[in-house]
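Participant: Sending over a structure as structure tokens; questions will come in a sec.
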Amino acid sequence: MKIKKSHYIFLFCSSLLITAFCFVPTSCSKQEKAEESIIKINENGIPVMQPLLEELPKLSKAFLEDKKYGTSRFFEKTWSEKNDNVSFLVAKNGQIIYENYMGYANKRTDEKITKDTPLHIASVSKVLTATAILMLIDAKKIKLDQKAATLIEDFPYPDVTVQTLLNHRSGMKNYAYFTYENNNWDKKKILTNEDIVKVMVEKEIPLETKTDTRFSYCNTNYAMLALIIEKATGLKYPEAMKEMIFTPLGMTNTFVCDFEKDREIIVPSYKGNNMEIGTDYLDGIYGDKNIYSTPRDILKFDTARFAPFFLNADLLKKVYKGYSYESKGLRNYGLGIRMVEYEKGEPFYFHNGWWHGNTSSFINLRKEKVTIITLSNKFTKKTYQSKKLAALFGDYPFKLNDDNDE
């Protein structure tokens, strides 16, 4: 059969299309995999974190030995007293360089702190709350610029947005103060996140400053973000955090304290003189605090955040930028992370915490992929000295052996 010239042209073009199509699957599959990694939605329609899929480079034996030596010397010098309580871990590329656990989880029962002992991580909880919110934004369940009043029933401040809650520019007052003042709340009753809104409305609590005019660190912001997580997921905050973050990352020793259910089993906290600190009416609030965890579990969480497609690139950039430049200074706050923006060298990203006798420090050296975590259930400012270790890994202006460095 004689084939017309037009048929040759058709066959030639078809073969080009087929050839091109055959080369697409490899690149497309990688792209699809990348897009899937941005945010994964489970069968309940809720975004869930994924462990880091590709292994980061293995640390050399020489590197491990060198950094372990420097880190262990710092730990032994800092936590030198026999009655110290601490959980401590330093890792790079998700690989533990050094960890140490000492002291009492509970002096009444002689229970010691181990790698599996969940301690109250205080305001480091904000990093995890912010992460859940960012995941919901990435999944288009909520918007960064969305008004909080559209998500929280009866919320009385019309200009407050999700972003101004995340970066502490809402202008709201601290619930610990306005519920305590003027008998605004019965201190014999445990306060809940919903109760905070009720007090705001019934007692007509004014804003401290006009929204988005200045930075003011305020726990109320993150208590409200917990309510937004509940609204967006249809789950209570403890369950939402478990489904979105703790379970998929294998954080088996991490939980949000349900005060009525867990108060008898949680690790107590202590003053510096070893006197146990009891609970009070503010211990039922979550979002700003009330997550119990271990350094190993927090490492799993932080390593997952090193994934290149943890969030979409534009949103991730917004997390690690400062929003408050009304006053001169190096310190700033992103979306759920503190930062120090030095004139030279890398920005220093961290979050500290303090609640009752619990102190915590979470340090995330993004460029070096280093995680430093220190937790204590006995009040001490030693916890915050962990920042000095950044000098072991990168261009940060800390002096590792300077006792006067605060």
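The values are calculated or read from the model by the stated rules, or taken from the named source; none is laboratory data. Source: prediction; values computed, not measured. Positions of Cβ are generated from backbone atoms using ideal geometry, with glycine treated the same way; all protein chains shown enter the neighbour counts.
Participant: Go through segment 289-332 and give me each residue that's within 13 Å of the chain's Cα centre (by Cα) and of a type in the set (Phe, Trp, Tyr).
Facilitator: Answer for segment 289-332, where residues must be within 13 Å of the chain's Cα centre (by Cα) and of a type in the set (Phe, Trp, Tyr): TYR292, PHE301, PHE306, TYR320.
Participant: Right, another one. Can you tell me how many residues in segment 110-129 are more than 25 Å from GLY336 (Cα to Cα) and either charged (D, E, K, R) or at pLDDT below 95 (or both)?
Facilitator: 5
Participant: On to the next question. Filter segment 365-381 down to the residues that are surrounded by fewer than 23 Cβ atoms within 10 Å (Cβ to Cβ) and of a type outside the set (Ser, Thr, Tyr) and list them by number.
Facilitator: LEU365, ARG366, LYS367, GLU368, LYS369, VAL370, PHE379, LYS381
Participant: Based on what the data block shows, is LYS388 assigned to a loop (DSSP other than H, G, I, E, B) and assigned by TED's automatic domain parsing to the domain that holds PRO118?
Facilitator: no
Participant: What number goes with the only condition from (1) over 21 Å from LEU59 (Cβ atoms); (2) in contact with a helix residue (DSSP H, G or I) (Cβ under 8 Å, 6 or more places away or on another chain); (3) in a loop (DSSP other than H, G, I, E, B) that SER360 does not pass?
Facilitator: Status for SER360: all satisfied but (3).
Participant: Return the pairs, sorted by first residue and then second, in which the second residue is part of a helix (DSSP H, G or I) and among the aromatic types (Phe, Trp, Tyr), the first residue lies in segment 219-243 and is closer than 23 Å to PHE178 by Cβ, the beta carbons are less than 9 Å apart, and the residues are 6+ apart or on different chains.
Facilitator: ASN219/TYR175; THR220/TYR175; THR220/PHE178; ALA223/TYR175; ALA226/TYR237; LEU227/TYR237; ILE229/TYR237; GLU230/TYR237
Participant: Just to verify a result, which residue in segment 42-77, among those that are touching a residue at least 40 places away in the same chain (Cβ under 8 Å) and of a type in the set (S, T, N, Q), is surrounded by the most Cβ atoms within 10 Å (Cβ to Cβ)?
Facilitator: Here the residue is THR71.
Participant: Hey, among ILE337, ILE298, ILE363, ILE373, which residue is in contact with a His (Cβ under 7 Å, 6 or more places away or on another chain), of a type in the set (Val, Ile, Thr) and modelled with pLDDT of 95 or more?
Facilitator: From the options ILE337, ILE298, ILE363, ILE373, the qualifying one is ILE337.
Participant: A further question follows. Find the residue count for segment 234-266, including only residues that are farther than 18 Å from ASP288 by Cα, over 17 Å from the mean Cα position of the chain (by Cα) and either modelled with pLDDT of 95 or more or not assigned by TED's automatic domain parsing to the domain that holds SER293 (or both).
Facilitator: The total comes to 1.
Participant: Of all the residues that make up segment 122-177, how many are under 27 Å from ASP280 (Cα atoms) and not aliphatic (A, V, I, L, M)?
Facilitator: Residues in segment 122-177 being under 27 Å from ASP280 (Cα atoms) and not aliphatic (A, V, I, L, M): 15 in total.
Participant: State yes or no: is THR179 under 27 Å from ASN332 (Cα atoms) and either touching a helix residue (DSSP H, G or I) at 6+ places or on another chain (Cβ under 7 Å) or surrounded by 19 or more Cβ atoms within 10 Å (Cβ to Cβ) (or both)? Break it down into steps so the answer makes sense when it comes.
Facilitator: Details: under 27 Å from ASN332 (Cα atoms): no; either touching a helix residue (DSSP H, G or I) at 6+ places or on another chain (Cβ under 7 Å) or surrounded by 19 or more Cβ atoms within 10 Å (Cβ to Cβ) (or both): yes.
Criteria not met by THR179.
Participant: While we're looking at this one, here's another question. Can you name every residue in segment 145-183 that is under 17 Å from the mean Cα position of the chain (by Cα) and part of a loop (DSSP other than H, G, I, E, B)?
Facilitator: Of everything in segment 145-183, those that are under 17 Å from the mean Cα position of the chain (by Cα) and part of a loop (DSSP other than H, G, I, E, B) turn out to be ASN167, HIS168.
Participant: Being closer than 23 Å to LEU151 by Cα, hydroxyl-bearing (Ser, Thr, Tyr) and either assigned by TED's automatic domain parsing to the domain that holds PRO118 or in contact (Cβ under 8 Å) with a residue 12 or more places away in the chain (or both) is the requirement here; does THR303 meet it?
Facilitator: For THR303, the condition - closer than 23 Å to LEU151 by Cα, hydroxyl-bearing (Ser, Thr, Tyr) and either assigned by TED's automatic domain parsing to the domain that holds PRO118 or in contact (Cβ under 8 Å) with a residue 12 or more places away in the chain (or both) - is not met.
Participant: Return the residue satisfying two criteria in turn: it lies in segment 53-71 and is part of a helix (DSSP H, G or I) and of a type in the set (A, V, I, L, M), and of such residues it is farthest from ASP302 (Cα to Cα).
Facilitator: The residue in question is ALA62.
Participant: Another question, if that's okay. Select, from PHE63, PHE23, the only residue that is at pLDDT 95 or above and among the aromatic types (Phe, Trp, Tyr).
Facilitator: PHE63
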